[in-house]
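Student: Could you have a look at this structure, given as structure tokens, before my questions?
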Amino acid sequence: MLHIPVMPAESISLLAVRTGGLYLDCTAGLGGHTALIAQQLVSGTVIANDRDSVSLEMARQNTAEWKDRIRFHQGPFSTLAKAVAEVAMGKLDGLLADLGVSRYQLTDPLRGFSFMSDGPLDMRMDQSTGMTAADLVNYTDEKTLADLIFHLGEERRARKVARAIVRARPIRSTLHLADVVLRAVPRTGRLHPATKTFMALRMEVNDEPAELDRLLQIGPDLLKPGGRMVVISFMSIDDRKVKEAFKALGRDGRATILTKHPLQPSDEETGRNPAARSAKLRALELN
Ligand SMILES: C[S@@+](CC[C@H](N)C(=O)[O-])C[C@H]1O[C@@H](n2cnc3c(N)ncnc32)[C@H](O)[C@@H]1O
């Protein structure tokens, strides 16, 4: 399977990829952006990192043509400094993060991210460690569950959803959970009523808010002066964080912001790749 990279031209042009450089794709996924960077390099290296080993293996296959320019590293954002140190002594010319989950993760029922088909309630990006979504829905107390669905999923009806989940325990599969939510909160708009609950659980299972904080803290330290950092987010909660972190770096004189307003995909791109619809891209250059 291939993942169509989001905003390919914008990402590569803002990263200012130049041959001989050292780049880090923090979220290699299926290798879409990694391949684009590798194609520009001839000499130089791109480190392809992802916490999901299954995705990383697919990225390896999808980028085999440029394998002499790519090094792979599996780990969460907190291990990025180690990923770089394993490959080079110096700092990076550029770093890219394309946040969230890939189409493969979302659509493979065995990964448990989607309520479109039945599967185990897993949702871990790294399936070798940590709590699953099933652990979360079956063992978390009602108030904690409601709070996280409210804050992470921005679901106004979180209390009702949490109460229904607790009453329906044990919840065994993605469709079971979707059905419980659907019965608790009727459909109001275009979104399936379980959308926000699934999003909140996914964010909690993968510790996504804290992971993004780590990336925003570590990323600039990994760059050399003149190095570029490009972040693509799909949720407003993430984009807000990126915006604030970049602003603070600008205020402190550590970086120059290259995107006064976030870039968004063209109509042509969203026509071709509807998954790109909500993407927002921000970039900076380290001073
Ligand atoms: C939107 S996909 C990236 C797709 C990729 N740019 C491509 O073109 O194929 C996001 C990827 O980031 C990974 N990811 C998300 N959060 C992560 C984290 N904190 N640490 C490492 N990888 C993460 C996910 O496992 C997923 O594979």
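Every number here is computed from the coordinates shown, using simple stated rules; none is lab data. None of these values were measured; they are calculated from a predicted model. With ideal geometry, Cβ positions are generated from the backbone for all residues, glycine too; neighbour counts draw on all protein chains shown.
Student: In terms of modelled amide H atoms, which long-range or inter-chain residues lie less than 5 Å from the amide H of Phe72?
Tutor: Ala48
Student: For helix 32-41, report the angle its Cα long axis makes with the longest principal axis of the Cα atoms of the chain; keep it between 0 and 90° and round to the nearest 10°.
Tutor: The angle comes out near 0 degrees.
Student: So if R0 is 22 Å, what FRET efficiency would Glu86 and Arg254 give, r being the distance between their Cβ atoms, rounded to the nearest 0.05?
Tutor: On the way: r = 26 Å, r/R0 = 1.16.
After rounding to 0.05, the efficiency reads 0.30.
Student: Mind pulling up the Rg/Rh value for the chain? Radius of gyration and Kirkwood radius, both on Cα. Could you put the intermediate results ahead of the total?
Tutor: On the way: Rg = 19.4 Å, Rh = 19.7 Å.
On the Cα set of the chain, Rg over Rh gives 0.99.
Student: What angle, in degrees between 0 and 90 and rounded to the nearest 10, separates the Cα long axis of helix 142-153 from the longest principal axis of the Cα atoms of the chain?
Tutor: That helix lies at roughly 40 degrees to the long axis.
Student: Zone of Gln39 (label point 7 Å along Cα→Cβ, backbone N under 16 Å): which residues in segment 9-25?
Tutor: 9-19
Student: Next up: What list of ³J(HN,Hα) couplings, whole Hz, do you get for segment 211-224 from phi and the Karplus terms 6.51, -1.76, 1.60, once you set θ to phi - 60° and write x for glycine and proline?
Tutor: 4, 5, 4, 4, 4, 5, 7, 6, x, x, 5, 7, 8, 7
Student: Filter the GluC sites (Glu not before Pro) in segment 1-96 down to the DSSP loop ones having no more than 11 other Cβ atoms within 10 Å, then list what survives. Walk me through the numbers on the way to the answer.
Tutor: On the way: sites: Glu10, Glu57, Glu65, Glu86; in loops: Glu86.
Counting only loop positions with at most 11 other Cβ atoms within 10 Å, the GluC sites (Glu not before Pro) in segment 1-96 are Glu86.
Student: In segment 9-38, whose amide N lies under 19 Å from the spot 7 Å out along Cα-to-Cβ of Asp68? List them in ranges.
Tutor: 18-23, 35-38
Student: Could you work out how far the C-alpha centroid of segment 163-242 sits from that of segment 15-88, in angstrom?
Tutor: Measuring centre to centre over Cα atoms gives 24 Å.
Student: Would you compute, for the Cα atoms of segment 1-132, the largest minus smallest coordinate along each principal axis and list the three values in descending order, in whole Å?
Tutor: Per principal axis, max minus min of the Cα coordinates gives 46, 28, 24 Å.
Student: Quick one: helix 236-251 against the long Cα principal axis of the chain, what's the angle to the nearest 10°, folded into 0 to 90?
Tutor: With both axes taken from Cα atoms, the answer is about 40 degrees.
Student: In the Gaussian network model of the chain, springs joining C-alpha atoms below 10 Å, which of Ala28, Ala184, Ala59 carries the largest mean-square fluctuation?
Tutor: Ala184
Student: Given 0.36 nm per residue, what is the gain on full extension from Ile237 to Asp108 after removing their alpha carbon distance, in nm?
Tutor: Details: separation 129, 0.36 × 129 = 46.44 nm, distance 2.53 nm.
Working it through step by step, the gained length comes to 43.9 nm.
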